[in-house]
1. How big is segment 309-462 by Rg and Dmax over its Cα atoms, in Å?
2. Could you grab the relative contact order for segment 278-388? Cα pairs under 8 Å, six or more apart, rounded to a whole percent.
3. Would you calculate a helix-derived [θ] at 222 nm for the chain, using -39,500 (n - 2.57) for each DSSP H run of n ≥ 4 and dividing by the full residue count, to the nearest 500?
4. Ordered by residue, what ³J(HN,Hα) values in Hz, to whole numbers, does segment 33-43 give under the Karplus form 6.51 cos²θ - 1.76 cosθ + 1.60, where θ = phi - 60° and Gly and Pro are x?
5. What number, in nm² with one decimal, is the all-direction average of the projected area of the convex hull of the alpha-carbon atoms of segment 172-215?
6. Show me the helices of the chain, taken as full DSSP H stretches, that run 30 Å or more along their long axis by Cα and average 1.0 or above in Kyte-Doolittle hydropathy.
7. Give me the distance in nm between label points sitting 7 Å out from Cα along the Cα-to-Cβ direction at THR46 and ALA195, one decimal.
8. How many angstrom separate the Cα center of segment 408-461 from the Cα center of segment 48-78?
Amino acid sequence: GGFVEWRSLGILTFVGAVWALLAGTRLLRGEEEAGRWEILLSGQTTRRRATASALAGLGISLAGLFTITGVLTVAAGRYPGADFPLGGSLYLALTLTGSAWVCMAVAALTSQLAPTRRAAATWASGAFGLMFLTRAIADSAISLHWLRLLTPLGWIEELHPLTGGSPVMLIPLVSFIFLLSGAAIYLAGRRDLGASILPDRDTAPARTGLLKGSLGLTVRLLRGNLAAWIAGVGAMSFMFGLIAKTGAEAYTGSSYLRYLFNSLGARSKAVENYLGIIFFLLTTLVALYAAAQVSATREEEAKGYLDNLLVRLVSRAKWLSERVLVAMAGLVVLGLSAGAIAWMGTYPQDSGVALTKLLAAGLNTVPPGILVLGLGTLVHGLLPRHASPLAYGLIAWSFLVELVGSMVKANHYFMDLSIFHHMALAPAAEIRWDSAAIFVGFGIVAAVLGVLFFNRRDLAGL
């Protein structure tokens, strides 16, 4: 039970949070930015009532998420060897969806504060990163455990659904969600339609760097987003690097962890085994960055921004090819940055893990992201409105297969359905360069086909 709590809460926190941040900012600030909120408010409703209704709809979606998660946790809990009680399994499902509830409320509030959906999502992501960083610091040493009380993610961790729960922590958690949701509803009535509590600047000095061609424009548009991802992933890599030696010692005595490491081909020392689990999580995050690039590319077309380029001497194939190439380069930079920053965290602890090993482990996180980017681009060229759901859906499915498969010791046919299962658990295991090459090759071929199909179809709006 303790291992399931540690493994699932450490990883599923990101999945639920990312979904809630994207869904919340899209339904509130995104719909308003697109002009559809104005149509809704022309009827017999008010801004506050409409915001409350949108939050209620998101709440129903989260209830559906809890139901699906509950069914899966109950099924996994009945598996021989686990034998988790029904109440504990449902309590675990509630805990796993807790980060989604928190981030939904955060996204609702930032949608009222920020002038654009992109800014709202960025601010909400920053708030989530701060909450996660606080929890990571709290977990780094027993003397710092009190810091869990300062972050909603720490309250979720304190629930302990399978190892002697503390339901009292639901009180501040529920209060936080209702407080932020209520604040969002109140602020929605305090501002004009299309405005924001913290308005955007009306003027700014001209900055013409990188604007001499479409490639430079692509780099300029994507560099800020990449920097934010490097900062977030880097902070996480550094914190886990700091606690790698302590974490390895804490979990060395687990027979289940020894089975897990052996099944994944790990034959290294404890610190490298621990870092192998961490880099699996980083692989998921790098793949999420690739999915975000697919979504951003689709958004450029759907909102009509691409029209401003195509009326000039820029072809569709050139624009999409440059977007894909810059995104692939970003994936490599993100992976190598994660490895280098993780080494900076392990170095003061005298863990004995070489920089070259962690750089290789960081590079090992990139091939699944390239595959996701390539497949997303292919779908963008064929069925543009399905590109973003497919990219995120592939990651969610692969992660779910890995999580459930490791809990119930599933056979390899089931595990092969996950793109992450084909990558080595570096630095705990030797990198499978053949699998990495196949992933990169398939990703590039899919991207090329996507560019060709995109060049032959009409532009598609929202």
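Read-outs: derived from the displayed coordinates by stated rules, not from any lab. Source: prediction; values computed, not measured. Here the Cβ positions follow ideal geometry from the backbone for every residue, glycine too, while neighbour counts run over all protein chains shown.
1. 18.1, 58
2. 45 percent.
3. -24000 deg cm²/dmol
4. Result, rounded to whole Hz: 5, 7, x, 7, 5, 5, 5, 5, 6, 6, x.
5. 6.4 nm²
6. Membrane-span-like by this rule: 2-25, 47-77, 214-242, 316-346, 387-408, 433-456.
7. 1.7 nm
8. 30 Å
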